[in-house]
1. Only one of (1) crowded, with 19+ Cβ neighbours inside 10 Å; (2) more than 20 Å from N110 (Cα to Cα); (3) of a type in the set (A, V, I, L, M, F, W, C) fails for I11. Which number is that?
2. Would you be able to say whether some residue in the range 88-102 is in a loop (DSSP other than H, G, I, E, B) and modelled with pLDDT of 85 or more?
3. Only residues that are in contact with an Asp or Glu (Cβ under 7 Å, 6 or more places away or on another chain), basic (K, R) and in a loop (DSSP other than H, G, I, E, B): list them for the range 133-151, please.
4. If you check every pair at least six apart or on different chains, which have Cβ atoms under 6 Å apart with a residue in the range 203-219 that is closer than 20 Å to G188 by Cβ first and a residue that is assigned to a strand (DSSP E or B) and of a type in the set (S, T, Y) second?
5. Considering every residue within the range 23-30, establish whether at least one is of a type in the set (K, R) and without any contact (Cβ under 8 Å) to a residue 24 or more places away in the chain.
6. Residues in the range 26-38 that are assigned to a helix (DSSP H, G or I) and either exposed (fewer than 14 other Cβ atoms within 10 Å of the Cβ) or in contact with a strand residue (DSSP E or B) (Cβ under 7 Å, 6 or more places away or on another chain) (or both): how many?
7. Of the residues that sit in the range 115-131 and are over 22 Å from E208 (Cβ atoms), out of contact with any strand residue (DSSP E or B) (no Cβ under 7 Å at 6 or more places or on another chain) and of a type in the set (A, V, I, L, M), which one is surrounded by the most Cβ atoms within 10 Å (Cβ to Cβ)?
8. Answer with yes or no whether I116 is assigned by TED's automatic domain parsing to the domain that holds A181 and not in a loop (DSSP other than H, G, I, E, B).
Amino acid sequence: KEIILVTSGAIGVGAGKLGLTERPVTTEGKQAAAAVGQCELMFIYDKFFGEYNRTVAQVLLTGDVIANEHNKINTQNTFSELLKMGVIPVVNENDTVAVDELAGNQIGDNDTLSSIVARLVDADLLVILTDIDGLYDGNPRKNAKAKRIPYVPHITDDIRQIAGGAGSARGTGGMRTKVEAACSANAGGITCCVMSGAVPEKLYDLFEGAQIGTIFGEN
């Protein structure tokens, strides 16, 4: 299978590398931490994938990858060539330059970024790994009776409310952006699975057809 990995954590890793006791709050501080952290992130990915004789490549994107057709095509060509070479692209938003002041250049979160990348490469499947094993009909951290929703063929306003829409008291914390990312992927004809990343081996089960997490889409 051809895999593209969308990562986060550059600012947090950079803050740790710099010995900061708290995450930076200023734009400049976040940019600096991201610049340091991205190097460390790629070192980690290169080290661990290298143990399996796999080569990784860093791909940093900003919002103009979808706003500018020329940049979009160049990015698609880069992904295509890397995959042909058997390289695993590791994608992150370019936090060093992607700030509010650069109008139109901010993607904002990695759930959104993952759906953008999935549509750029016309992926067969988008998998979003998180700290909860799918979408629930309530907040499982507060409600022991909350049940996982295994399949969502269409993302409706009710689903958005469950995920933490405006005025909802049932939000599952961080799930809203994942549902919106799934919606974007579905609009491009791509199935999306939101599942826990606590046991990575379950990805094998997913690829073999096991019912894991929450599947969004008709395919």
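1. The single condition I11 does not satisfy is (2).
2. yes
3. K147
4. That search, which allows pairs on different chains as well, returns I215/Y151; G217/T191; N219/T191.
5. yes
6. Summing the residues that are assigned to a helix (DSSP H, G or I) and either exposed (fewer than 14 other Cβ atoms within 10 Å of the Cβ) or in contact with a strand residue (DSSP E or B) (Cβ under 7 Å, 6 or more places away or on another chain) (or both) in the range 26-38 gives 3.
7. I116
8. Judged against the criteria, I116 is not a match.
The values are calculated or read from the model by the stated rules, or taken from the named source; none is laboratory data. Just so it is clear, the structure is predicted and the values come from calculations on it, not from any experiment. Methodologically, a virtual Cβ is constructed for each residue, glycine included, from the backbone with ideal geometry; neighbour enumeration extends over all protein chains shown.
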